[in-house]
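Below is one structure; the comments refer to it alone.
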Amino acid sequence: MTTPSEDPRIEAVAIRLREAAQARAEAYGPQPAWEPIWKRPRKPKTDREKKAELRKQRKRRKAAGIRRFYGAQSRRPRPRQNRIGSAAARRDARALSRMRHSTAWLW
(Lines give C-alpha, C1' and ligand atoms only; values in the text may rest on other atoms or scores of the structure.)
Protein backbone atom coordinates (compact mmCIF):
# COMPACT_ATOMS: atom_id res chain seq x y z
CA MET A 1 0.00 0.00 0.00
CA THR A 2 1.45 3.35 -0.98
CA THR A 3 0.98 6.65 0.75
CA PRO A 4 -0.69 9.29 -1.39
CA SER A 5 1.53 12.01 -2.74
CA GLU A 6 1.32 15.16 -0.67
CA ASP A 7 -0.92 17.69 -2.35
CA PRO A 8 -0.07 21.24 -1.24
CA ARG A 9 -3.72 22.33 -1.58
CA ILE A 10 -4.93 19.61 0.81
CA GLU A 11 -2.15 20.47 3.25
CA ALA A 12 -3.12 24.15 3.14
CA VAL A 13 -6.78 23.33 3.87
CA ALA A 14 -5.77 21.06 6.77
CA ILE A 15 -3.58 23.81 8.25
CA ARG A 16 -6.43 26.34 7.97
CA LEU A 17 -8.84 23.91 9.67
CA ARG A 18 -6.41 23.29 12.54
CA GLU A 19 -5.92 27.03 13.03
CA ALA A 20 -9.69 27.64 13.03
CA ALA A 21 -10.20 24.88 15.60
CA GLN A 22 -7.47 26.39 17.77
CA ALA A 23 -9.03 29.85 17.51
CA ARG A 24 -12.46 28.45 18.52
CA ALA A 25 -10.93 26.64 21.50
CA GLU A 26 -9.27 29.86 22.66
CA ALA A 27 -12.52 31.81 22.24
CA TYR A 28 -14.42 29.36 24.44
CA GLY A 29 -11.75 29.40 27.14
CA PRO A 30 -10.53 26.43 29.16
CA GLN A 31 -12.88 23.47 29.50
CA PRO A 32 -14.56 23.14 32.89
CA ALA A 33 -13.51 20.20 35.07
CA TRP A 34 -15.44 17.08 34.15
CA GLU A 35 -18.45 16.49 36.35
CA PRO A 36 -20.83 13.53 36.32
CA ILE A 37 -24.26 14.43 35.01
CA TRP A 38 -26.05 13.63 38.28
CA LYS A 39 -23.90 16.17 40.16
CA ARG A 40 -24.47 19.03 37.75
CA PRO A 41 -26.82 21.77 38.87
CA ARG A 42 -30.31 21.32 37.47
CA LYS A 43 -31.58 23.64 34.79
CA PRO A 44 -34.80 25.16 36.16
CA LYS A 45 -37.85 24.29 34.08
CA THR A 46 -39.90 27.01 32.48
CA ASP A 47 -43.54 27.45 33.51
CA ARG A 48 -44.57 25.99 30.19
CA GLU A 49 -42.46 22.84 30.70
CA LYS A 50 -43.76 22.44 34.27
CA LYS A 51 -47.37 22.69 33.15
CA ALA A 52 -46.81 20.22 30.30
CA GLU A 53 -45.23 17.76 32.73
CA LEU A 54 -48.12 18.14 35.17
CA ARG A 55 -50.62 17.61 32.35
CA LYS A 56 -48.87 14.40 31.36
CA GLN A 57 -48.74 13.27 34.97
CA ARG A 58 -52.46 13.98 35.49
CA LYS A 59 -53.30 12.04 32.35
CA ARG A 60 -51.14 9.10 33.46
CA ARG A 61 -52.63 9.05 36.96
CA LYS A 62 -56.17 9.28 35.63
CA ALA A 63 -55.54 6.36 33.29
CA ALA A 64 -54.12 4.34 36.19
CA GLY A 65 -57.20 5.14 38.31
CA ILE A 66 -59.51 4.03 35.50
CA ARG A 67 -57.52 0.81 35.06
CA ARG A 68 -57.70 0.15 38.79
CA PHE A 69 -61.44 0.82 38.87
CA TYR A 70 -62.20 -1.52 35.98
CA GLY A 71 -59.82 -4.13 37.35
CA ALA A 72 -61.86 -4.18 40.55
CA GLN A 73 -65.13 -4.22 38.57
CA SER A 74 -64.12 -7.45 36.85
CA ARG A 75 -64.05 -9.12 40.28
CA ARG A 76 -67.36 -7.59 41.34
CA PRO A 77 -69.67 -10.61 41.42
CA ARG A 78 -67.88 -11.92 44.49
CA PRO A 79 -68.66 -15.31 45.99
CA ARG A 80 -71.39 -14.90 48.57
CA GLN A 81 -70.00 -17.47 51.00
CA ASN A 82 -68.29 -16.39 54.15
CA ARG A 83 -64.60 -17.06 54.61
CA ILE A 84 -65.09 -20.37 56.41
CA GLY A 85 -67.35 -21.73 53.70
CA SER A 86 -65.07 -20.65 50.88
CA ALA A 87 -62.05 -22.12 52.70
CA ALA A 88 -63.88 -25.44 52.91
CA ALA A 89 -64.76 -25.20 49.24
CA ARG A 90 -61.12 -24.49 48.42
CA ARG A 91 -60.03 -27.51 50.45
CA ASP A 92 -62.50 -29.73 48.60
CA ALA A 93 -61.38 -28.38 45.25
CA ARG A 94 -57.75 -28.97 46.19
CA ALA A 95 -58.46 -32.57 47.19
CA LEU A 96 -60.37 -33.21 43.96
CA SER A 97 -57.56 -31.66 41.95
CA ARG A 98 -55.01 -33.91 43.68
CA MET A 99 -57.15 -36.93 42.87
CA ARG A 100 -57.48 -35.86 39.26
CA HIS A 101 -53.75 -35.40 38.82
CA SER A 102 -52.73 -38.55 40.65
CA THR A 103 -52.66 -42.08 39.22
CA ALA A 104 -54.67 -43.44 42.16
CA TRP A 105 -57.71 -44.23 40.01
CA LEU A 106 -55.71 -46.68 37.89
CA TRP A 107 -55.40 -49.30 40.64
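The values are calculated or read from the model by the stated rules, or taken from the named source; none is laboratory data. Remember, it's a predicted structure, so these values are computed and weren't measured experimentally. To get the accessible areas, we keep the full protein, side chains included, count just its heavy atoms, and leave off ligands, DNA and RNA. Shrake-Rupley method; radii C 1.70, N 1.55, O 1.52, S 1.80 Å.
The listed residues are 19, 35, 26, 6, and the only one of them that is open to solvent by less than 100 Å² (accessible area, probe 1.4 Å), modelled with pLDDT of 75 or more and not β-branched (Val, Ile, Thr) turns out to be 35.
Using the structure shown, decide if residue 42 is basic (Lys, Arg), at pLDDT below 90 and in a helix (DSSP H, G or I). It is false that residue 42 is basic (Lys, Arg), at pLDDT below 90 and in a helix (DSSP H, G or I).
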